[in-house]
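The values are calculated or read from the model by the stated rules, or taken from the named source; none is laboratory data. If you're wondering where the values come from, they're calculated on a predicted model, not measured in any experiment. For neighbour counting, all protein chains shown are included, and Cβ atoms are generated from backbone atoms with ideal geometry for every residue, glycine included.
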Amino acid sequence: MMLDKIFKPETVALVGATPGEGKVGNTILRNLMASPALRVYAVNPKYENILGLRCYPSMNAIEDEIDLAVIAIPAGNVPDVLVQCGAKGVKDVVVISAGFKEAGREGAVLESELIRISREYDLRLVGPNCLGVIDTYSNLNATFGRTMPDKGSIAFLSQSGAFALAVIDWSKAAGVGFSKVVSLGNKAVLNECHFLEYLAGDSDTRVIAMYLEDVSDGRRFMHVASELSKTKPVVVMKSGKTEAGSKAASSHTGSIAGSVEAFKAAFEQSGVVEAESIEELFDFALTLSRIRSIKTGGGIAIVTNSGGPGVMAADAVEEYGLKLATFQRTTMDKLLPLRLANSYNPVDVRGDATSERFGTTLEIVAEDEHVSAIIAILSPTAPVDFDKASRYVLAAEAQKPVIPVFMGGESVTEAVELLREHGITNYFDPVRAVKTLKAVCDYEQARVYEPPPHFDVDTRRIRKQLQDKQVLDYELLTAYGIPVPAYGKAVSADEALEIADRIGYPVAMKILSPDIVHKTDVGCVKLNVQREAVKDSFFEIVRRGERYTSARRIEGVLVQQMICGGREVIIGMKRDRHFGPLVMFGLGGIYVEVFRDVSFRIAPFSKRDAEEMIRKVRAYRILRGVRGEPMSDINSLIDILLRFSQLCTEFPEILEADLNPIRVLESGCYVVDFKMVTSID
């Protein structure tokens with residue numbers, strides 16, 4: 001595989017090796033030499049011998065072939081060494097050295113030189129400004145960390161070297177193992193996508209955990225993560241989500257949609273499980289390394305010897321959108337003779353329960369076909385033997401996934417260690433246990449891929465009209481089959497009356513000007529206009545518009561069929577710099593920025609994504625109909641979302657857009673107003 005020599009080299013050259021105790025070049029050299037199967041070459045013109053190894057003055061002086069070069073020298077000298085690597089035929093390089101784009105303009109120029117040299121010699125470069133790489137199965141530690149993690153099935157990628165060091169140190173105490181650890185650094189050449197593609201075929205890795213600050217190519221990341229998540233879970237903790245100091249946006253969508261929404265949508269659509277904290281990152285990764293799916297259609301069972309923690313878990317099950325299992329009649333019949341405090345779910349075996357009663361209850365519940373997974377909660381009461389209880393958990397685990405919550409300290413240590421030896425993580429907090437099961441459900445649901453639909457549209461004709469500024473916003477929508485009320489553009493009061501007579505009364509009238517995006521705010525919208533008021537309304541709208549912009553920037557007045565009734569929603573788009581068109585759906589009208597009842601997806605998206613966008617907002621219950629009100633036409637709304645998704649994908653010239661409001665009727669939908677900001681305005 002392409003990156004094999006980075007993780008499984010036979011020969012490694014360390015440029016910047018040094019005998020100085022505690023220095024980076026010394027620590028890396030010791031780490032490399034700790035692998036008996038690895039032939040290590042020290043490179044430093046100042047020394048002839050370091051730690052018993054012959055020291056070479058340059059890469060050129062090494063006679064043997066080198067699989068991997070690790071560079072830990074001042075930044076200014078790195079380009080020359082890269083050229084030496086390229087000339088020698090070394091293809092894989094890890095640049096530990098700092099002082100590149102993270103250090104300012106001069107460093108950025110230096111980093112661009114690394115990229116140029118790498119392209120010239122086809123180098124696969126990790127870093128610069130990174131901790132290095134670790135492969136526990138090949139016993140490679142090409143980092144300046146002092147600790148080699150234990151073997152495990154989790155690959156950990158981190159954009160922060162310091163964070164990676166902390167995680168490795170923590171993992172030893174926590175008993176967590178890794179297959180590989182990669183510090184991405186500045187990602188000058190190799191980025192997260194290259195390593196995700198490699199890890200897809202890595203037999204030592206079952207789960208990928210990532211700490212990211214940004215992505216190099218958002219669209220490619222989504223594609224790679226989507227493919228990988230079909231077979232291996234990817235758990236990501238993302239920092240730097242906000243865009244402080246970004247430009248003020250012209251549309252409602254632009255003012256609401258930010259980097260955080262784009263990343264969340266991208267992760268969800270790609271099957272990536274997002275973690276909000278370090279704790280969640282490894283909770284989810286550890287659980288997903290053991291449990292890939294839980295029985296579809298079943299629910300969560302809770303077995304506890306303490307009512308309080310059982311209620312906490314039950315509350316969390318509902319809060320995180322899971323469901324409690326409803327036991328079969330046969331299960332209830334088996335539980336009743338045990339004289340439990342509660343035989344229903346959550347099952348309370350009572351505070352005086354022995355480990356045997358707890359184990360028998362677990363066994364009965366695990367046999368129930370309505371149960372998908374079990375949360376087993378034990379508090380340290382006098383009758384409980386945690387060692388025995390842990391073995392009952394292992395026995396039940398053979399039938400159903402079990403998440404143990406042994407709530408104690410010293411008294412649970414040996415039991416927790418036994419569970420850990422079998423790959424099972426214990427949680428002190430019942431809510432953490434529920435969240436891990438939610439992560440499993442999210443991963444399982446996201447693995448089902450559905451392609452976006454495609455609608456036939458004459459895009460060439462529309463693009464030419466758009467560039468020539470010959471097209472009204474509404475014409476762009478109708479070209480994509482998005483329904484709008486009957487309308488006409490009037491440049492005089494007489495023409496406005498003629499259009500209104502043709503459409504029928506009442507009508508709506510709105511200013512047409514590229515300078516006036518929020519027309520209502522400046523009084524340039526008239527609703528429910530009857531025939532006798534059309535001309536006066538035309539003059540008033542133009543007069544108000546001239547107070548806001550020059551007369552030559554007013555293109556006329558839109559006369560539009562008045563659509564009454566229904567529910568108001570918004571569909572909008574803001575082009576995100578990482579992922580492209582970020583589409584928003586939510587409660588519409590003038591209060592969208594106040595209530596912010598919205599959801600997001602990256603276009604293009606599937607019908608299932610569109611349905612999920614609608615279901616996610618609180619206003620969904622209103623669309624479904626409340627207190628005898630008729631249900632809104634949600635299918636028509638889904639159709640608009642999908643067509644708008646394609647429009648935004650096919651026209652990168654559109655930077656922001658709002659379809660607001662959209663009136664969703666009992667039958668059909670109409671886009672009543674449309675605002676658009678393009679790169680050609």
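A few comments on the model shown:
- Residues of the stretch 179-200 classified as in a strand (DSSP E or B) and over 22 Å from the mean Cα position of the chain (by Cα), total: 1
- Whichever residue in the stretch 9-28 is closer than 14 Å to residue 51 by Cα and under 37 Å from the mean Cα position of the chain (by Cα) and, among such residues, is surrounded by the fewest Cβ atoms within 10 Å (Cβ to Cβ): 27
- Residue count for the stretch 395-446 satisfying the condition of being over 17 Å from residue 289 (Cα atoms) and either of a type outside the set (Phe, Trp, Tyr) or in a helix (DSSP H, G or I) (or both): 19.
- Meets criteria (under 20 Å from residue 498 (Cα atoms), outside the structural domain of residue 672 (by TED's automatic domain parsing) and out of contact with any strand residue (DSSP E or B) (no Cβ under 7 Å at 6 or more places or on another chain)) for residue 536: yes
- Condition check for residue 516 on (1) assigned to a helix (DSSP H, G or I); (2) at pLDDT below 90; (3) β-branched (Val, Ile, Thr): one failure, at (1).
- Note on the stretch 242-314: enclosed helices (runs of 4 or more DSSP H) holding 1 or more residues that are within 18 Å of the chain's Cα centre (by Cα) and modelled with pLDDT of 90 or more are 259-270, 278-290.
- Taking the stretch 579-681 as the region of interest, the helices (runs of 4 or more DSSP H) fully inside it that hold 1 or more residues being under 26 Å from residue 216 (Cα atoms) are 607-616, 634-650.
- Whichever residue in the stretch 559-589 is among the charged types (D, E, K, R) and within 23 Å of residue 602 (Cα to Cα) and, among such residues, is surrounded by the fewest Cβ atoms within 10 Å (Cβ to Cβ): 577
- When residue 640 is tested against the conditions (1) closer than 26 Å to residue 517 by Cβ; (2) modelled with pLDDT under 95; (3) not acidic (Asp, Glu), the lone failure is (2).
- Taking the stretch 480-498 as the range and being out of contact with any Lys or Arg (no Cβ under 8 Å at 6 or more places or on another chain) and either in a helix (DSSP H, G or I) or not hydrophobic (A, V, I, L, M, F, W, C) (or both) as the test, the residues that pass are 483, 485, 487, 489, 492, 495, 498.
- Out of 626, 598, 592, one residue alone is at pLDDT below 90 and within 25 Å of the chain's Cα centre (by Cα). It is 592.
- Of all residues in the stretch 460-477, exactly one satisfies the criterion of being out of contact with any Leu (no Cβ under 9 Å at 6 or more places or on another chain), at pLDDT 80 or above and not basic (Lys, Arg), namely 475.
- Extreme residue, farthest from the chain's Cα centre (by Cα), among residues of the stretch 219-240 that are surrounded by fewer than 20 Cβ atoms within 10 Å (Cβ to Cβ) and farther than 13 Å from residue 158 by Cβ: 231
- When residues in the stretch 495-517 are screened for being surrounded by fewer than 16 Cβ atoms within 10 Å (Cβ to Cβ) and either hydroxyl-bearing (Ser, Thr, Tyr) or over 18 Å from residue 551 (Cβ atoms) (or both), 5 of them pass.
- Only one of the numbered conditions (1) under 33 Å from the mean Cα position of the chain (by Cα); (2) surrounded by fewer than 19 Cβ atoms within 10 Å (Cβ to Cβ); (3) modelled with pLDDT of 95 or more; (4) of a type in the set (Gly, Ala, Ser) is not met by residue 103, and that is (3).
- Against the test of being buried (at least 22 other Cβ atoms within 10 Å of the Cβ), assigned by TED's automatic domain parsing to the domain that holds residue 118 and aromatic (Phe, Trp, Tyr), the options 47, 41, 56 yield a single qualifying residue, 41.
- Qualifying position, being buried (at least 19 other Cβ atoms within 10 Å of the Cβ) and either part of a helix (DSSP H, G or I) or among the hydrophobic types (A, V, I, L, M, F, W, C) (or both), among 83, 70: 70
- Matching option when the condition is surrounded by fewer than 21 Cβ atoms within 10 Å (Cβ to Cβ) and free of Cβ contacts under 8 Å to residues at least 24 places away in the same chain, among 627, 596: 627
- Some residue of the stretch 549-558 being outside any helix (DSSP H, G or I), crowded, with 18+ Cβ neighbours inside 10 Å, of a type in the set (Ser, Thr, Tyr) and modelled with pLDDT under 95: no
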